[in-house]
Amino acid sequence: MSILIIHGSRFGQSTKIARAIQTTLESAGLETEFAELGKATDPTGHEGVVLVTSVRYGYFDKNAYRMIARHREFLDSVPTLLVTVSLTARKPEKRDPAVHTYTRKFLAKSGWTPTHTEVVAGALEYPRYNLFDRKAIQLIMRISKGPLDPTLSIEYTDWDQVEAAASGFAKQLA
Ligand SMILES: Cc1cc2nc3c(=O)[nH]c(=O)nc-3n(C[C@H](O)[C@H](O)[C@H](O)COP(=O)(O)O)c2cc1C
């Protein structure tokens, strides 16, 4: 029996967040298994499930919806933690799942009610984006009054928030 940590990542930030959660859960004496979203992973039989997934152009990975639809009954039977990763969450007032539009829509569309939902800020890494993505992110940043300098890389993730969410989840599982 272990906790399954499923993560879907394009630039590695969700993986980094999932690893931090894994470290906290293991420090609490829990066994974990790390799995990539989209790979054939059967959560059935695990004691709990963590899903870490990021926003890209307003949408979450289709594989997240597929995994939830396929395993909904099981997911409803164990403690679950959903962590959504986005740049809009760099503003603390947006980190309420009831306020964070992408997360609200994701929960409504998937029909899933995780035991706990945490809205976490991701990373802005202009130098790693191709020209199209860089221009698009600059546009999003212009609208939301964020940084526009294309040489910038900023990690907005609040690691204390991630640790607190993982610790809270560990307590729930105990
Ligand atoms: C191409 C692209 C599109 C993005 N679109 C959005 C968006 O629509 N809204 C948002 O809040 N963040 C957006 N982000 C920010 C990502 O969610 C953030 O960079 C996150 O850290 C990515 O996590 P990952 O590396 O695990 O995929 C976007 C990032 C990229 C690179």
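The values are calculated or read from the model by the stated rules, or taken from the named source; none is laboratory data. These numbers were taken from a predicted model, which means no experiment stands behind them. Neighbour counts run over all protein chains shown; Cβ positions are idealised from the backbone, glycine included.
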Residues within the range 27-53 that are over 14 Å from the mean Cα position of the chain (by Cα) and closer than 16 Å to Ala174 by Cβ, tallied:
9
Take the conditions buried (at least 21 other Cβ atoms within 10 Å of the Cβ) and of a type outside the set (S, T, N, Q) and apply them to Val85. Does it pass?
yes
When you scan the range 144-160, do you find a residue that is assigned to a helix (DSSP H, G or I), near the ligand (Cβ under 9 Å from one of its atoms) and crowded, with 16+ Cβ neighbours inside 10 Å, even just one?
no
Which pairs have Cβ atoms under 9 Å, sit 6 or more apart or on different chains, and link a residue in the range 96-115 that is closer than 15 Å to Asp76 by Cα to one that is modelled with pLDDT under 95?
Thr115/Gln172
Within the range 35-55, how many residues are surrounded by 15 or more Cβ atoms within 10 Å (Cβ to Cβ) and not hydroxyl-bearing (Ser, Thr, Tyr)?
10
Just give me the residues in the range 85-130 being closer than 25 Å to Ser167 by Cβ, more than 9 Å from the ligand (Cβ to nearest atom) and of a type in the set (S, T, N, Q), in sequence order.
Thr103, Thr113, Thr115, Thr117
Matching residues, the range 16-44, being without any contact (Cβ under 8 Å) to a residue 24 or more places away in the chain and either of a type in the set (Asp, Glu) or within 13 Å of the ligand (Cβ to nearest atom) (or both)
Arg19, Glu26
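Do you know which of the residues in the range 56-70 that are buried (at least 17 other Cβ atoms within 10 Å of the Cβ) and not small (Gly, Ala, Ser) is farthest from Thr103 (Cα to Cα)?
Quick first cut of the range 56-70, residues buried (at least 17 other Cβ atoms within 10 Å of the Cβ) only: 60-61, 64-65, 67-68.
Now restrict to residues that are not small (Gly, Ala, Ser): 60-61, 65, 67-68.
Values: Phe60: 9, Asp61: 12, Tyr65: 13, Met67: 16, Ile68: 14 Å.
Here the answer is Met67.
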